[in-house]
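> For reference, the structure I am asking about is given below.
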Amino acid sequence: MKVLNLYACLGGNRLLWDNCEVTAVELDEELARLYQERFPNDTVIVADAHQYLLDHYQEFDFIWSSPPCPSHSRMRKTNTGEGERQSKATYADMKLYQEIILLKHFFKGKYCVENVIPFYEPLIAAKKRGRHLYWTNFNLPNDLGDRKANNFIQSKTKDLEIFHNINLNTYKGKQRKDKIARNLVDYVAGKTIFDTARGIIVNKQNTNQSKLEL
């Protein structure tokens with residue numbers, strides 16, 4: 001099965017995928033380097049994932065996309081206001097919904113778009129599981145098997161590295177290490193979603209995503 005893993009980061013979602021050919025796209029060269037070390041058999045491409053999706057979506061059986069989430073997060077709205085330590089208001093990045101619409105109407109395989117629960121009512125219906133929303137063209141299990149980390153928001157980088165089975169010691173990029181680790185999808189949930197999609201692809205089934213559950 002040919003798989004496209006967009007905004008791949010360190011492959012939090014990908015760790016337990018098996019029997020598949022994965023192409024991972026990541027813009028941060030340092031994260032792409034660490035991803036390649038972690039998954040040496042994957043094809044890793046340093047590029048704009050949004051454009052890569054548009055140019056190559058027809059080449060894959062399953063696509064996972066985790067677009068940047070800060071402009072949608074409830075934390076961003078909480079921290080927006082007056083004062084030196086507050087952030088300025090910003091446009092929510094609509095690339096998230098562009099990708100959902102593209103995949104829904106033009107992609108023939110199965111897909112999963114993952115993001116945070118936003119500070120606004122989602123513009124397109126999704127499934128809520130734990131700390132995330134998932135947009136798919138197949139039904140998700142009610143329980144993804146997500147492992148729960150204690151005090152996740154307050155967790156230190158090292159604790160998050162242990163939880164996600166990653167190592168950021170050699171990362172020399174500009175992103176904060178704790179944010180990188182905190183944004184990863186739990187690999188058990190990633191496996192549950194991937195195995196569900198693969199089962200549908202193998203059995204030639206086609207079930208649509210059900211209504212929004214929040």
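Quick note: the coordinates plus some simple rules give every number you see, no bench work behind them. These figures come from a predicted structure and were not determined experimentally. Using ideal geometry, Cβ is built from the backbone for each residue, glycine included, and neighbour counts are taken over all protein chains shown.
> Quick one: if the Förster radius is 22 Å, what FRET efficiency do ILE162 and ILE117 give, using the C-beta to C-beta distance and rounding to 0.05? Write out the running numbers ahead of the final one.
Details: r = 25 Å, r/R0 = 1.14.
Between ILE162 and ILE117 the formula returns 0.30.
> Is the shape of segment 9-68 best called rounded, prolate or oblate, per the rule: a/c under 1.5 gives rounded, else a/b larger than b/c gives prolate, else oblate, with a ≥ b ≥ c the square roots of the Cα gyration tensor eigenvalues?
On the way: a/c = 1.67, a/b = 1.11, b/c = 1.50.
Since a/c reaches 1.5 but b/c is at least a/b, the shape of segment 9-68 is classed as oblate.
> Something else: Name the most mobile residue of ALA125, ALA149, ALA197, meaning the one with the largest mean-square fluctuation, in a Gaussian network model of the chain with Cα contacts below 10 Å.
Its mean-square fluctuation being the largest, the pick is ALA149.
> Scan around VAL185 for amide H atoms under 5 Å from its own, H built in the peptide plane at 1.01 Å from N, and keep only partners 5 or more places away or cross-chain.
Close amide H contacts, sequence-distant or interchain: GLY12, ASN13.
> Round to the nearest 0.05 the FRET efficiency obtained for TYR91 and TYR52 when R0 = 22 Å and r is the Cβ-Cβ distance.
Efficiency for this residue pair is about 0.45.
> Where both residues lie in the chain, what percent of DSSP beta bridges are antiparallel, nearest 5? Working shown, then result.
Values: 9 of 27 bridges.
The answer is about 35 percent antiparallel.
> Let me ask something additional. Among TYR57, TYR35, PRO122, whose Cα projects farthest towards the positive end of the dipole of the chain, with charges put on the beta-carbon of Lys, Arg (+1) and Asp, Glu (-1)?
Working it through, the farthest residue towards the positive pole turns out to be PRO122.
> Please report, to two decimal places, log10 I(q)/I(0) for the chain at q = 0.10, 0.13, 0.14, 0.16 Å⁻¹ as given by the Debye formula with identical point scatterers on the Cα atoms and no solvent.
Values returned for q = 0.10, 0.13, 0.14, 0.16 Å⁻¹ are -0.43, -0.74, -0.87, -1.16.
> Same structure, new question: Would you grab the residues whose amide H sits under 5 Å from the one on LEU133? Only those 5+ places off in sequence or on another chain, please, with H modelled 1.01 Å from N.
It is ASN115, VAL116, ILE117, by chain and number.
> Oh, and also: Of LYS104/LYS156; LYS88/LYS179; LYS127/LYS148, which pairs sit farther than 27 Å apart, going by alpha carbon to alpha carbon? Each step should come with its number before you reach the end.
Details: LYS104/LYS156 38 Å; LYS88/LYS179 19 Å; LYS127/LYS148 18 Å.
Pairs exceeding the cut-off: LYS104/LYS156.
> What residue among CYS69, CYS20, CYS112 has the largest mean-square fluctuation in a Gaussian network model of the chain, using Cα springs under 10 Å?
Most flexible of the set in this elastic network: CYS20.
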